[in-house]
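Here is the structure we will look at.
The values are calculated or read from the model by the stated rules, or taken from the named source; none is laboratory data. None of these values were measured; they are calculated from a predicted model. Cβ atoms come from the backbone with ideal geometry, glycine included; neighbour counts cover every protein chain shown.
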Amino acid sequence: FPRPTLELIEGVPIINLFADNWAAIASFQARPDDLVICTYPKAGTTWASEIVDLILNEADPQKTKREAIYIRVPFLEFVAPGVPKGTTLLANAPSPRLIKSHLTVELLPKTFWENNCKIIYVARNAKDVAVSFFYFSQMARILPDPGTWNEFLEKYMAGDVSYGSWYDHVKGWWEKRNDPNVLYLFYEDMKEDLKREIRRILKFLGKDFVEDVLDRIVHHTSFKEMKQNSKSLYDKIPTHVMNHKVSPFLRKGITGDWKNHFTVAQNERFDEAYEKNMAGSSLHFRTEL
Ligand code: A3P
């Protein structure tokens with residue numbers, strides 16, 4: 001399975017598989033009841049997807065466990081085999097659609113804003129994302145070869161990876177945090193108190209669940225439970241595309257794993273670049289809990 005190349009779409013590196021279909025993505029037709037989960041890769045997309053899908057299915061895992069996560073929450077940019085050229089996977093999906101995207105705030109098709117669609121954005125600290133992205137790039141051949149950890153870290157710091165600069169992504173979406181149709185969540189907050197964050201999602205969606213229903217969602221979306229749920233794991237994707245023996249999709253699910261990977265020198269270099277790129281921003285991340 002050939003590794004993709006990155007092509008610039010309005011300055012953002014996108015894998016050629018998606019870039020080649022850009023016209024269809026850009027002209028995507030949103031529906032007012034579409035709900036979007038948007039993230040920089042490896043920020044907790046799958047986690048948020050399982051939570052929201054359970055919320056939309058009255059917290060009934062029997063319903064959500066019928067299909068794989070990538071069927072229940074289709075990926076906006078994905079060009080699936082068999083989907084006619086010039087269209088997207090989602091064109092004929094029934095409403096209400098729960099949609100996954102990794103697009104920057106600028107690249108997300110305008111039609112989502114025009115239709116006042118609700119968008120949940122999940123952000124995760126730059127260091128843990130780097131580590132998770134490195135392992136994922138090793139196992140998933142729909143991404144460019146990451147090279148060594150040090151080589152990948154250099155590319156990541158330069159924004160020369162799929163979906164570009166982590167800084168631009170999280171800061172761009174942060175500008176929209178006060179939009180009533182946008183909910184900006186943090187992976188670290190979810191790790192700290194998942195129930196509290198699920199309550200925030202419920203409020204955003206205008207829903208209210210009794211305590212034990214809430215507890216059921218918390219239970220089914222713990223790392224341990226999701227790891228045992230084959231419908232969360234992408235494990236039916238052919239191994240020449242995603243090889244879980246190289247690294248599992250649900251790998252560690254913790255905050256602070258970067259400490260096991262960054263050398264002291266890498267960390268100093270990273271912190272210096274981080275300060276520069278985040279200067280003046282009110283956006284703050286925790287890198288340990
Ligand atoms: P790690 O590689 O650090 O383990 P995405 O879904 O955006 O690709 O993000 C994947 C990351 O989210 C992986 O991080 C994965 O383990 C983590 N993740 C998925 N489900 C989780 C859960 N229930 N709790 C904590 N982390 C989770």
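Count of the range 245-262 residues, restricted to those that are buried (at least 16 other Cβ atoms within 10 Å of the Cβ) and either of a type in the set (Val, Ile, Thr) or more than 12 Å from the ligand (Cβ to nearest atom) (or both), is 2.
Any residue in the range 193-200 that is within 12 Å of the ligand (Cβ to nearest atom), without any contact (Cβ under 8 Å) to a residue 60 or more places away in the chain, over 18 Å from Phe285 (Cα atoms) and not small (Gly, Ala, Ser)? No, because not a single residue in the range 193-200 is within 12 Å of the ligand (Cβ to nearest atom), without any contact (Cβ under 8 Å) to a residue 60 or more places away in the chain, over 18 Å from Phe285 (Cα atoms) and not small (Gly, Ala, Ser). The residue list Ala59, Ala68, Ala130 contains one member that is buried (at least 16 other Cβ atoms within 10 Å of the Cβ) and at positive phi, which is Ala59.
Of everything in the range 20-60 that is part of a helix (DSSP H, G or I) and at pLDDT below 95, the residue that is farthest from Gly86 (Cα to Cα) is Ala26. Is one or more of the residues making up the range 83-103 more than 16 Å from the ligand (Cβ to nearest atom), closer than 30 Å to Arg200 by Cβ and β-branched (Val, Ile, Thr)? Yes, because at least one residue in the range 83-103 is more than 16 Å from the ligand (Cβ to nearest atom), closer than 30 Å to Arg200 by Cβ and β-branched (Val, Ile, Thr). Residues in the range 248-272 that are more than 30 Å from Pro238 (Cα to Cα) and β-branched (Val, Ile, Thr): Thr263, Val264.
When the range 119-170 is limited to residues that are of a type in the set (Asp, Glu) and without any contact (Cβ under 8 Å) to a residue 60 or more places away in the chain, the one that is nearest to Lys276 (Cα to Cα) turns out to be Glu154. Of all residues in the range 204-226, those that are in contact (Cβ under 8 Å) with a residue 24 or more places away in the chain and either loosely packed, with under 14 Cβ neighbours inside 10 Å or within 14 Å of Trp47 (Cβ to Cβ) (or both) total 8. Checked against the criterion of being among the aromatic types (Phe, Trp, Tyr) and touching a helix residue (DSSP H, G or I) at 6+ places or on another chain (Cβ under 7 Å), the candidates Phe28, Phe1 yield just one match: Phe28. Within the range 85-96, can one find any residue that is within 20 Å of the chain's Cα centre (by Cα) and part of a strand (DSSP E or B)? No, the conditions are met nowhere in the range 85-96.
A single entry from Asp168, Asp145 fulfils the requirement of being part of a loop (DSSP other than H, G, I, E, B) and either among the β-branched types (Val, Ile, Thr) or more than 16 Å from the ligand (Cβ to nearest atom) (or both): Asp145. Within the span defined as the range 228-243, one or more residues are within 12 Å of the ligand (Cβ to nearest atom), farther than 20 Å from Lys63 by Cβ, touching a residue at least 40 places away in the same chain (Cβ under 8 Å) and not in a helix (DSSP H, G or I). Restricting attention to the range 188-201, the residues that are part of a helix (DSSP H, G or I) and either surrounded by fewer than 16 Cβ atoms within 10 Å (Cβ to Cβ) or basic (Lys, Arg) (or both) total 6. Does at least one position in the range 275-283 carry a residue that is under 29 Å from Ile51 (Cα atoms), within 11 Å of the ligand (Cβ to nearest atom) and either under 17 Å from the mean Cα position of the chain (by Cα) or assigned to a loop (DSSP other than H, G, I, E, B) (or both)? Looking for residues that are under 29 Å from Ile51 (Cα atoms), within 11 Å of the ligand (Cβ to nearest atom) and either under 17 Å from the mean Cα position of the chain (by Cα) or assigned to a loop (DSSP other than H, G, I, E, B) (or both), one finds none in the range 275-283, hence no.
The residues on offer are Arg66, Arg3, Arg72, Arg31, and the sole one that is within 16 Å of the ligand (Cβ to nearest atom) and either of a type in the set (Lys, Arg) or over 18 Å from the mean Cα position of the chain (by Cα) (or both) is Arg72.
Any residue at all in the range 207-222 that's within 11 Å of the ligand (Cβ to nearest atom) and among the polar types (S, T, N, Q)? The answer is yes, given that some residue of the range 207-222 is within 11 Å of the ligand (Cβ to nearest atom) and among the polar types (S, T, N, Q). Among residues of the range 245-269 that are over 24 Å from Phe186 (Cα atoms) and modelled with pLDDT under 95, none has a Cβ under 7 angstrom from a residue that is aliphatic (A, V, I, L, M) and not in a helix (DSSP H, G or I) at a sequence gap of 6+ or on a separate chain.
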